[in-house]
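Participant: Please read through the structure below; I'll follow up with questions.
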């Protein structure tokens with residue numbers, strides 16, 4: 001998937017960026033795991049919608065549906081919330097600057113980080129008797 005194409009950074013309106021910032025701020029202070037994945041989806045999809053690619057958006061939503069319980073686990077059982085908040089801020093700042101390349105880079109790193117964090121946690125639990 002071409003993340004650069006997915007982000008509509010040059011097409012993002014002031015209102016869309018403000019909505020994304022609102023989601024970012026809500027995510028940063030959320031304490032209920034049920035809310036984390038809901039706000040996470042809203043944050044990312046708010047930005048992706050500007051890419052004007054409904055097919056990509058369908059794929060993203062399908063993946064998020066399938067990953068929901070794993071994302072909750074990753075956020076709950078690791079340092080995921082702090083890390084996700086930092087990464088969301090980096091993604092948002094790149095979008096606010098109109099830099100789709102940087103937004104795509106941060107998103108890729110964000111996805112890799114979630115995967116690595118959860119796998120590390122699960123492997124550490126598997127090794128203990």
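Participant: For residues that are surrounded by fewer than 13 Cβ atoms within 10 Å (Cβ to Cβ) and assigned to a helix (DSSP H, G or I), scanning just the stretch 92-114, find the one that is modelled with the lowest pLDDT.
Facilitator: Ranking the candidates gives 101 first.
Participant: Taking the conditions exactly as written (within 13 Å of the chain's Cα centre (by Cα) and either within 18 Å of residue 13 (Cα to Cα) or at pLDDT below 95 (or both)), does residue 71 satisfy them or not?
Facilitator: Yes, satisfied.
Participant: Could you check the stretch 66-100 and list, in sequence order, the residues that are closer than 17 Å to residue 37 by Cα, touching a helix residue (DSSP H, G or I) at 6+ places or on another chain (Cβ under 9 Å) and free of Cβ contacts under 8 Å to residues at least 40 places away in the same chain?
Facilitator: 67, 68, 69, 72, 79, 80, 83, 87
The values are calculated or read from the model by the stated rules, or taken from the named source; none is laboratory data. The structure displayed is predicted, hence computed values, not measured ones. Counting neighbours? That spans all protein chains shown, and the Cβs are built from the backbone with ideal geometry, glycine included.
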